[in-house]
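Below is one structure, written out as structure tokens, with a few remarks after it.
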Amino acid sequence: MLRLTGIHKDFNGNPVLKGIDIAVEKGDVVVILGPSGSGKTTLLRCINFLEQASSGEMIFDDLRLQLNKVSATDKRNVRKKTAFVFQNYNLFNNKTALENVTEGLIIGRGVPKNQAIEIGKAMLDRVGLSDRYQYYPSQLSGGQQQRVGIARALAVQPEVILFDEPTASLDPELVGDVLEVMKNMAREGMTMIVATHEMQFAREVANHVIFMEGGNIIEEGPPEQIFFKPKVERTKSFLSRIL
Ligand code: ADP
């Protein structure tokens with residue numbers, strides 16, 4: 001469904017991604033692990049053009065793009081197929097939970113307001129927030145805000161959802177609810193690429209794990225390999241520190 005080849009990204013001549021190749025099939029849950037600064041966020045942001053890769057190729061269904069020269073139309077087409085869940089939720093503070101979910105549908109996709117409200121309520125129900133439609137972000141816990149962020153991502157029916165350390169800003173007791181929602185999405189067949197430090201989630205839910213360091217993929221494979229029989233010394237030492 002989605003293949004990235006030879007992705008490079010420099011910031012002011014400083015290489016941050018050094019030739020990343022990834023292939024994602026429909027229904028995959030790909031987890032990206034790696035120390036802080038390894039390029040996980042940048043990679044996710046390059047997939048939906050929050051950042052522009054310096055070079056590389058993307059094949060997304062029938063689209064084939066050279067990433068150093070992507071037209072506005074192609075960017076729009078890729079963005080329609082993706083949704084992004086941010087570490088810090090990125091909600092509008094002056095809008096209710098429901099309005100945060102419907103905004104992108106109404107403004108971004110031209111869905112009529114009544115229909116957007118129906119979809120928005122259904123998505124908030126799905127993430128366990130059926131009693132919070134009219135709450136503002138400041139009236140919600142971090143875990144609830146992140147679930148609004150996930151409902152917003154689901155609402156646009158993307159082909160793939162990109163999660164950038166979705167639980168990293170949460171108090172430990174709030175992490176479980178968000179991971180539970182993500183597990184349900186995975187069970188229902190949602191295609192997901194998730195940068196996270198949640199090893200339990202990666203072990204249980206991922207079908208492919210990528211370990212990155214210094215802008216390179218050091219090792220990748222099924223969770224059984226990465227967690228129990230890593231082939232590369234760097235993967236072993238990273239995991240032994242984090243587990
Ligand atoms: P990770 O998500 O693995 O922590 P990031 O992708 O956030 O890693 O960062 C990778 C490297 O790119 C870091 O060295 C970071 O400082 C650098 N970087 C990220 N964003 C920018 C930016 N907008 N401008 C300059 N450098 C950046």
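Observations, loosely collected:
- As a summary of the residue check, Asn12 satisfies the conditions (1) under 30 Å from Glu224 (Cα atoms); (2) within 14 Å of the ligand (Cβ to nearest atom) except for the one numbered (1).
- Of all residues making up the range 66-86, the number that are crowded, with 19+ Cβ neighbours inside 10 Å and of a type in the set (A, V, I, L, M): 4
- Against the criterion of being more than 16 Å from the ligand (Cβ to nearest atom), in contact (Cβ under 8 Å) with a residue 24 or more places away in the chain, out of contact with any Leu (no Cβ under 9 Å at 6 or more places or on another chain) and over 12 Å from Ile193 (Cα atoms), Arg3 qualifies.
- Restricting Ile210, Ile242, Ile161 to residues that are more than 27 Å from Lys80 (Cα to Cα) and hydrophobic (A, V, I, L, M, F, W, C) narrows the list to Ile242.
- Selection count where residues are over 30 Å from Glu188 (Cβ atoms) and free of Cβ contacts under 8 Å to residues at least 24 places away in the same chain, scope the range 12-36: 4
- Among residues of the range 135-162 that are of a type in the set (Asp, Glu), those with a beta-carbon under 9 Å from a residue that is part of a strand (DSSP E or B) at least six positions away or on a different chain give the pairs Glu159/Leu2; Glu159/Phe60; Glu159/Thr82; Glu159/Thr191.
- Of the residues making up the range 134-178, those that are over 20 Å from Phe92 (Cα atoms), assigned to a helix (DSSP H, G or I) and either among the hydrophobic types (A, V, I, L, M, F, W, C) or within 16 Å of the ligand (Cβ to nearest atom) (or both) are Leu174, Val175.
- Conditions (1) surrounded by fewer than 16 Cβ atoms within 10 Å (Cβ to Cβ); (2) in a loop (DSSP other than H, G, I, E, B); (3) among the aliphatic types (A, V, I, L, M): number failed by Ala122: (2)
- Scanning the range 38-56 for residues being among the polar types (S, T, N, Q) and more than 8 Å from the ligand (Cβ to nearest atom) gives a total of 4.
- Inspection of the range 25-33 identifies at least one residue that is surrounded by fewer than 16 Cβ atoms within 10 Å (Cβ to Cβ) and small (Gly, Ala, Ser).
- Matching residues in the range 88-119 - criterion: being crowded, with 18+ Cβ neighbours inside 10 Å and outside any helix (DSSP H, G or I): Tyr89, Leu91, Thr96, Val111
- Qualifying residue in the range 23-40 (condition: touching a His at 6+ places or on another chain (Cβ under 7 Å) and closer than 14 Å to Asn216 by Cα): no
- Residues within the range 211-243 that are touching a Pro at 6+ places or on another chain (Cβ under 8 Å) and in a helix (DSSP H, G or I), tallied: 3
- Looking across the range 179-200, the residues that are over 16 Å from Gly142 (Cβ atoms), more than 13 Å from the chain's Cα centre (by Cα), modelled with pLDDT of 95 or more and outside any loop (DSSP other than H, G, I, E, B) come down to Lys183, Asn184, Arg187.
- Test: residue in the range 57-67 that is farther than 15 Å from Lys18 by Cβ and within 16 Å of the ligand (Cβ to nearest atom): no
The values are calculated or read from the model by the stated rules, or taken from the named source; none is laboratory data. A quick note: this is a predicted structure, and the numbers were derived from the prediction, not measured. Methodologically, a virtual Cβ is constructed for each residue, glycine included, from the backbone with ideal geometry; neighbour enumeration extends over all protein chains shown.
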